[in-house]
Amino acid sequence: MIANVFSKTSPINYITITVISIFFYSFYQFSRIETETTVWIVVQKTAIMLLLSLSFIYVNIISQKNNLTKLNSYTLLLYALFFILFPSLYKNPNVIISNLLILLAVDKLFALKTLKKSKEKIFDASFWIFLASIFHFWSILFIFLVFTAIIFHVGRDYKNWIIPFIALFAVAILVVLFQLLFQYDLISLIYDNVSISLNFSYFENVYQNIALAIFSSIAVFVFSTQTLEIKNKPLNLQGTYKKVVFMFVLAVLIYVLSNHKNNSFLIYSFVPMAILGANFLEKIQTYWMKEVTLYILIAISVTLFTLQL
């Protein structure tokens with residue numbers, strides 16, 4: 001039944017997935033409610049919830065506009081399940097904001113294949129990525145995705161290679177202006193997050209460890225199978241799929257390098273993994289196998305969400 005419901009795109013599917021995501025976000029926040037909750041805290045939590053909902057819109061745009069999946073809602077469903085699997089994300093607003101900015105950048109980069117307004121798209125994508133790095137420094141690695149897109153589409157014009165550095169300069173000016181106007185030492189805050197940590201002993205409970213192990217197993221399987229499938233994709237889409245694969249590689253690097261490590265840093269891998277996972281589900285011909293796969297994923301995500309509270 002679930003496989004059939006989400007095998008098509010419809011506003012009801014999008015609304016359903018978004019409402020479910022908001023429910024789990026709200027449930028997590030209420031389960032950890034503070035004794036003295038101020039109006040400002042409520043405003044902050046609500047704003048992050050809205051940004052989280054906005055990310056679903058961009059995931060759908062990236063997936064459907066670029067024909068990365070068929071006309072179904074599997075990408076959105078998997079994206080939502082990954083959030084449920086790692087509820088620690090909900091207490092890290094910086095990575096939620098950073099991830100949304102990266103999605104804005106990815107949308108611009110994937111649109112480069114039209115070869116229209118290339119320079120504007122390169123600047124916008126670079127600008128969003130450098131802005132995202134303010135909230136989580138190592139998301140700056142996605143700038144390599146910009147240069148990859150330039151190689152694929154507009155590498156012959158040397159001016160395109162200079163544009164990301166102009167975007168860096170623009171963001172640097174904004175950071176300095178912000179610091180001068182608000183007397184907030186933003187530069188020191190960014191500098192403190194530049195450090196690398198390879199310490200993976202950060203789990204608050206064993207269930208966070210289990211969630212990571214399950215996600216990693218799924219990711220390795222889906223990544224390996226779908227990477228091999230790229231050669232079978234239409235020629236005009238192979239470059240875009242390669243960028244999705246590269247996105248996942250960069251996301252893994254961000255998680256590995258990040259200091260003060262926790263499962264929330266896996267957020268950057270959710271979109272590429274949801275897209276590749278949706279492609280995997282589309283390949284399953286037997287209806288009951290697809291149904292069982294989705295039920296198992298939902299059961300695992302909800303169960304581990306509850307255990308991690």
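List of remarks:
- F127 at pLDDT 95 or above, of a type in the set (F, W, Y) and open to solvent by 30 Å² or more (accessible area, probe 1.4 Å): yes
- Members of the stretch 150-171 found to be of a type outside the set (F, W, Y), in a helix (DSSP H, G or I) and free of Cβ contacts under 8 Å to residues at least 12 places away in the same chain, listed by number: I151, I162
- Among residues of the stretch 138-149 being crowded, with 20+ Cβ neighbours inside 10 Å and in contact (Cβ under 8 Å) with a residue 60 or more places away in the chain, the one that is farthest from V249 (Cα to Cα) is A149.
- Of all the listed residues (Y191, Y241), the sole one being surrounded by 12 or more Cβ atoms within 10 Å (Cβ to Cβ) and under 24 Å from the mean Cα position of the chain (by Cα) is Y241.
- Note on the stretch 5-46: residues that are in contact (Cβ under 8 Å) with a residue 24 or more places away in the chain and not β-branched (V, I, T) total 14.
- For the stretch 111-124, a residue qualifies if it is surrounded by fewer than 23 Cβ atoms within 10 Å (Cβ to Cβ) and either modelled with pLDDT of 95 or more or of a type outside the set (V, I, T) (or both), and the qualifying residues are A111, K113, L115, K116, K117, S118, K119, E120, F123, D124.
- Extreme residue, surrounded by the fewest Cβ atoms within 10 Å (Cβ to Cβ), among residues of the stretch 244-278 that are of a type in the set (G, A, S) and closer than 30 Å to N4 by Cβ: S269
- Long-range neighbours under 6 Å by Cβ, at least six apart or interchain, first residue of a type outside the set (G, A, S) within the stretch 261-285, second open to solvent by 10 Å² or more (accessible area, probe 1.4 Å) and outside any helix (DSSP H, G or I): K261/S197; K261/Y202; N262/Y202; E282/K70
- Number of the exception - V252 against (1) closer than 19 Å to S139 by Cα; (2) touching a residue at least 24 places away in the same chain (Cβ under 8 Å): (2)
- Test: residue in the stretch 285-308 that is loosely packed, with under 15 Cβ neighbours inside 10 Å, assigned to a helix (DSSP H, G or I) and touching a helix residue (DSSP H, G or I) at 6+ places or on another chain (Cβ under 6 Å): yes
- In summary, N66 fulfils each of the numbered conditions (1) within 26 Å of H260 (Cα to Cα); (2) open to solvent by less than 30 Å² (accessible area, probe 1.4 Å) with the single exception of condition (1).
- One residue alone among S53, S98 is at pLDDT below 95 and open to solvent by less than 60 Å² (accessible area, probe 1.4 Å), and that residue is S53.
- Residue in the stretch 133-142 that is closer than 20 Å to T240 by Cα, of a type outside the set (S, T, N, Q), assigned to a helix (DSSP H, G or I) and at pLDDT 95 or above present: yes
- Residues within the stretch 178-190 that are farther than 19 Å from F137 by Cα and either part of a helix (DSSP H, G or I) or of a type in the set (V, I, T) (or both), tallied: 3
- Of the residues making up the stretch 1-50, just one is surrounded by 15 or more Cβ atoms within 10 Å (Cβ to Cβ), not hydroxyl-bearing (S, T, Y) and not in a helix (DSSP H, G or I), namely F6.
- Single residue of S216, S269, S195 found to be small (G, A, S) and outside any helix (DSSP H, G or I): S195
The values are calculated or read from the model by the stated rules, or taken from the named source; none is laboratory data. Because the structure is a prediction, the values reported are computed rather than measured. Glycine also receives a Cβ, built like all others from the backbone with ideal geometry; neighbour counts cover every protein chain displayed. Just the protein is used for accessible areas: all its heavy atoms, side chains included, with ligands, DNA and RNA removed. Shrake-Rupley method; radii C 1.70, N 1.55, O 1.52, S 1.80 Å.
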